[in-house]
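The values are calculated or read from the model by the stated rules, or taken from the named source; none is laboratory data. Keep in mind that this is a model prediction, so the values were computed, not measured. So basically every Cβ, Gly included, is an ideal-geometry build from the backbone, and we count neighbours across all protein chains shown. Heavy atoms of the whole protein, side chains included, go into the accessibility calculation; ligands, DNA and RNA do not. Shrake-Rupley method; radii C 1.70, N 1.55, O 1.52, S 1.80 Å.
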Amino acid sequence: MLHQFTLFAPIFSGGNNAGRCSFAGNSSVRDVRSLRFMKQASGRQSNNEHGVFSETMDRAKHRATTAYGGRAQEGVLEEESSKVIESRPSWKAFPGQSFPLGVSEVDSGINFAIFSQNATAVTLCLVLPERGSIDALDGGMIEMVLDPDLNKTGDIWHICIEDLPRSNVLYGYRIDGPRDWGKGHRFDSSIVLVDPYAKLVEGRRYFGDISMKLSKFLGTYDFDSLPFDWGENYKLPNISEKDLVIYEMNVRAFTSDESSGLDSNIRGSYLGMIEKIPHLLELGINAVELLPVFEFDELEFQRRPNPRDHMINTWGYSTINFFAPMSRYASAGGGSVNASREFKQMVKSLHSAGIEVILDVVYNHTNEADDAFPYTTSFRGIDNKVYYMLDNNGQLLNFSGCGNTLNCNHPVVMELILDSLRHWVTEYHVDGFRFDLASVLCRGIDGSPLNAPPLIRAIAKDAVLSRCKIIAEPWDCGGLYLVGSFPNWDRWAEWNGKYRDDVRKFIKGDSGVKGSFATRVAGSSDLYSVNNRRPYHGINFVIAHDGFTLRDLVSYNFKHNEANGEGGNDGSNDNFSWNCGLEGETDDASVRALRSRQMKNFHLALMISQGTPMMLMGDEYGHTRNGNNNSYGHDTAINNFLWDQLDARKSDHFRFFSNMIKYRHAHEVFNHESFLSKNDITWHEDNWDNHDSKFLAFTLHDKSGGDIYLAFNAHDYFVKVLLPAPPKKRNWFRVVDTNLKSPDDFVLDGVPNVGNTYNIAPYSSILLEAKF
């Protein structure tokens, strides 16, 4: 069994180096009639039903190994055996052009162009499957050595091939150069590399297929398919930033569980998500923030023995390529071309439902890990010194916590990122981006922080991206914490990590944080009231993908990440959680009631706060990861959306969450365009300096008189309050009291006769509306 191998060995490794084509000499055109490659002629079909493969031959015995996909079929082939035939393609090759990078169709054929400043040799590798069947390769790999005198312009290597098929061709590059690690080089010509500008990437066909865990990845292209039909009446939602309610979610985990009720062929796919749009509409959100959908290897940890080798990467923060949609999110193992089309179908369907699509993008690092255990698939082997940040000794800098850091403000890398973003906007019509560990994008090529990072400015000023929401996660693993100070050009929004922390602390009953809580629900003007920034530039959240779920937040004081084998060492230790009296799951009715109340308190606070609210998939039914707040759970079930649990709780928990979201949409007092003035809010508070005070009440004033009164009691005892006088000719109606059971906890039309006082229960909150 193969444990380590390169993607493809040279098809012919004899002394004459047949099978490699060098276009040397003075002519600009070379017939490729001398190409020679091997293929089986026995008619025997491969049993490799989930992936693609290529036959390779060693120098001694021409041993054919189907390594692509990780399943080895070995057979000794004699060079003149009847089982081997010779094929002589009659293509013509031209020097090609240096622009655009990647693969393009030009008048003279298919053009290939790739950047490498430090390479000394570049070989284009092609695999030609039978047309229409990428799973059944009949041929071997053709390797075409590029001549730097003819096939290179500046730092771009290029070639154009006439009569090459317009689709179903796999391609990659072998690249060689200096082997001096001390100068930052990591060239290795034994590895076939993915083109950074490949628009489609092929690998294993089925998500988490352990039998294919050693599968490799190659670029491909499709110039045969018709342009996607977006429809005559199609239009972008164009939702104002101040009106967004964001739902952070994972495409696969949303429908992969059997409880989704979907056909097995579409569970966990882009098409599966379309089927569940009615749930999103019923919930009331109007934007989805999709965890990474760029091509990644979910089995990367299983390629070698290590403490994590039982894990599946269910979230995708380990990018192989920045242009290609995740191919294993296609339905029925359909591959990259289908993934591209189905992604567009998903976006079109979401837009038709009035829901915007924001992508969580990872430009701070790639899947290629570190120097100790590299997983070289692309950038590292193409030009490590350009694509990654290095120290003075040529060693990788690690501000991402993942072993490498993309050299984002290098001109070449910056243009790659911009081209990628534009591609997702123009080709896939996405509405915005959330940038993972965005502080990395604020570092120079030596890793030092920049006051005006060129990439951040370019994204803010780019014409194609001008309609997009752009959201920063304003910190990194190197300690560059930029919440409230992220370079923004009045365009960038930020994940407000201080909102998360302060709201968690107050709701669970910490002392001394009432003032901070008030600042957060009022829009965090201390952070964002600068220049022309607005409250909606703060993305408010209590829960996100990389921490406790909402239910875990009220069920655990400590992490319990035992299931993933990391001994609780992963994830943050500062979760500001409270188990409400007992650690973990319990049948204690009083504890369960308190936890339910606390979850509603958090959601109420989130929905009435100025700024843009974001909630996590599954929080609408109280999803738990059993304390596992890690990104790579030991199986995908930890992160799956459980539709049977949703159905069981729709009568109370879901109802409250959905109604609060819709209530926010219906009341402009919660989403002001500008920061609140004294005419917009009245604080009913004369106890700001009391460190032990855990009660806060205020009124949001509506221009038409429909004021909203809110009070949060984080004490462990009742607080009886004197209510302010409502506007003239109006009375207070109780809309929310989180201490009451469903359906009394939320009454849309309001309950009248509240009176002049209200006795607010421990760990509960209320919302009153002034009505006629």
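Residues in the stretch 377-397 that are surrounded by fewer than 20 Cβ atoms within 10 Å (Cβ to Cβ), polar (S, T, N, Q) and in contact with an Asp or Glu (Cβ under 9 Å, 6 or more places away or on another chain): how many?
Number of matching residues: 2.
Go through the stretch 597-617 and give me each residue that's open to solvent by less than 10 Å² (accessible area, probe 1.4 Å) and assigned to a loop (DSSP other than H, G, I, E, B).
SER609, GLN610, GLY611
Where in the stretch 728-772 are there strands (runs of 3 or more DSSP E), lying wholly inside it, with at least 3 residues that are of a type in the set (A, V, I, L, M, F, W, C)? I'd like the intermediate steps shown before the answer.
On the way: elements: 731-737, 746-751, 757-760, 764-771.
Fully inside the stretch 728-772 and qualifying: 731-737, 746-751, 764-771.
Any residue in the stretch 492-505 that's over 15 Å from LYS469 (Cβ atoms): show its pairings with residues that are open to solvent by 20 Å² or more (accessible area, probe 1.4 Å) and in a helix (DSSP H, G or I) at Cβ separation under 7 Å, as long as the two are six or more apart or on different chains.
Matching pairs, first to second residue: ASP502/SER516.
Restricting to the stretch 486-515, what's the tally of residues that are on the phi > 0 side of the Ramachandran plot and in contact with a Phe, Trp or Tyr (Cβ under 9 Å, 6 or more places away or on another chain)? So that I can check it myself, show each step before the final result.
We begin by selecting, within the stretch 486-515, every residue on the phi > 0 side of the Ramachandran plot; these are 489-490, 509, 512.
Okay, now just the ones that are also in contact with a Phe, Trp or Tyr (Cβ under 9 Å, 6 or more places away or on another chain), so 509.
Qualifying residue count for the region: 1.
Restricting attention to the stretch 727-739, report how many residues are crowded, with 17+ Cβ neighbours inside 10 Å, of a type in the set (Lys, Arg) and in contact (Cβ under 8 Å) with a residue 40 or more places away in the chain.
Final tally of qualifying residues: 0.
Could you check the stretch 713-727 and list, in sequence order, the residues that are of a type in the set (D, E, K, R) and either in a loop (DSSP other than H, G, I, E, B) or not assigned by the TED database to the domain that holds ASP702 (or both)?
Step one: filter the stretch 713-727 for residues of a type in the set (D, E, K, R), giving 716, 720.
Result: ASP716, single match.
Of all residues in the stretch 189-243, which are out of contact with any Ser or Thr (no Cβ under 9 Å at 6 or more places or on another chain) and β-branched (Val, Ile, Thr)?
If the condition is that a residue be out of contact with any Ser or Thr (no Cβ under 9 Å at 6 or more places or on another chain) and β-branched (Val, Ile, Thr), then ILE210, ILE239 are the ones that fit.
Quick check on SER420: is it hydroxyl-bearing (Ser, Thr, Tyr), farther than 19 Å from GLY538 by Cα and open to solvent by less than 20 Å² (accessible area, probe 1.4 Å)? Working first, answer last.
Values: hydroxyl-bearing (Ser, Thr, Tyr): yes; farther than 19 Å from GLY538 by Cα: yes; open to solvent by less than 20 Å² (accessible area, probe 1.4 Å): yes.
For SER420, the condition - hydroxyl-bearing (Ser, Thr, Tyr), farther than 19 Å from GLY538 by Cα and open to solvent by less than 20 Å² (accessible area, probe 1.4 Å) - is met.
For the stretch 163-188, how many residues are open to solvent by less than 20 Å² (accessible area, probe 1.4 Å) and not in a loop (DSSP other than H, G, I, E, B)? Give the derivation first.
From the stretch 163-188, those open to solvent by less than 20 Å² (accessible area, probe 1.4 Å) are 164, 167, 169-175, 177, 184-187; that's our starting set.
Retained after the next criterion (residues that are not in a loop (DSSP other than H, G, I, E, B)): 167, 169-175.
Residues flagged as open to solvent by less than 20 Å² (accessible area, probe 1.4 Å) and not in a loop (DSSP other than H, G, I, E, B) within the stretch 163-188 amount to 8.
Can ILE191 be described as open to solvent by 10 Å² or more (accessible area, probe 1.4 Å), in a loop (DSSP other than H, G, I, E, B) and more than 30 Å from TRP91 (Cβ to Cβ)?
So ILE191 does not fit the description; no.
Can you report the number of residues in the stretch 721-772 which are touching a helix residue (DSSP H, G or I) at 6+ places or on another chain (Cβ under 8 Å) and either farther than 28 Å from ARG595 by Cα or not hydrophobic (A, V, I, L, M, F, W, C) (or both)?
Here the count works out to 9.
Please identify the pairs in which a residue from the stretch 418-435 that is more than 22 Å from PRO227 (Cα to Cα) has its Cβ atom under 7 Å from the Cβ atom of a residue that is aromatic (Phe, Trp, Tyr) and outside any helix (DSSP H, G or I), counting only partners at least 6 apart or on another chain.
Taking only residues 6 or more apart or on different chains, the pairs are PHE435/TYR363.
Restricting attention to the stretch 381-402, which residues are within 19 Å of PHE296 (Cβ to Cβ), touching a strand residue (DSSP E or B) at 6+ places or on another chain (Cβ under 7 Å) and not aliphatic (A, V, I, L, M)?
Hits for the stretch 381-402 are GLY381, TYR387, TYR388.
Check ASN338 against each of (1) open to solvent by 40 Å² or more (accessible area, probe 1.4 Å); (2) more than 21 Å from ILE277 (Cα to Cα); (3) not hydrophobic (A, V, I, L, M, F, W, C) and name the one condition it does not meet.
All conditions are met except number (2).
Got a sec? Which of SER693, SER742, SER704, SER764 is without any contact (Cβ under 8 Å) to a residue 12 or more places away in the chain and either over 20 Å from ARG655 (Cβ atoms) or out of contact with any His (no Cβ under 6 Å at 6 or more places or on another chain) (or both)?
Values: SER693 fails: without any contact (Cβ under 8 Å) to a residue 12 or more places away in the chain; SER742 fails: without any contact (Cβ under 8 Å) to a residue 12 or more places away in the chain; SER764 fails: without any contact (Cβ under 8 Å) to a residue 12 or more places away in the chain.
The unique qualifying residue is SER704.
Looking at (1) in contact with an Asp or Glu (Cβ under 7 Å, 6 or more places away or on another chain); (2) outside the structural domain of PHE112 (by the TED database); (3) of a type in the set (A, V, I, L, M, F, W, C), which is the only condition PHE228 fails?
(1)
Looking only at the stretch 575-593, filter to residues that are in contact (Cβ under 8 Å) with a residue 40 or more places away in the chain and open to solvent by less than 20 Å² (accessible area, probe 1.4 Å); which one of those is farthest from ASP243 (Cα to Cα)?
GLY584
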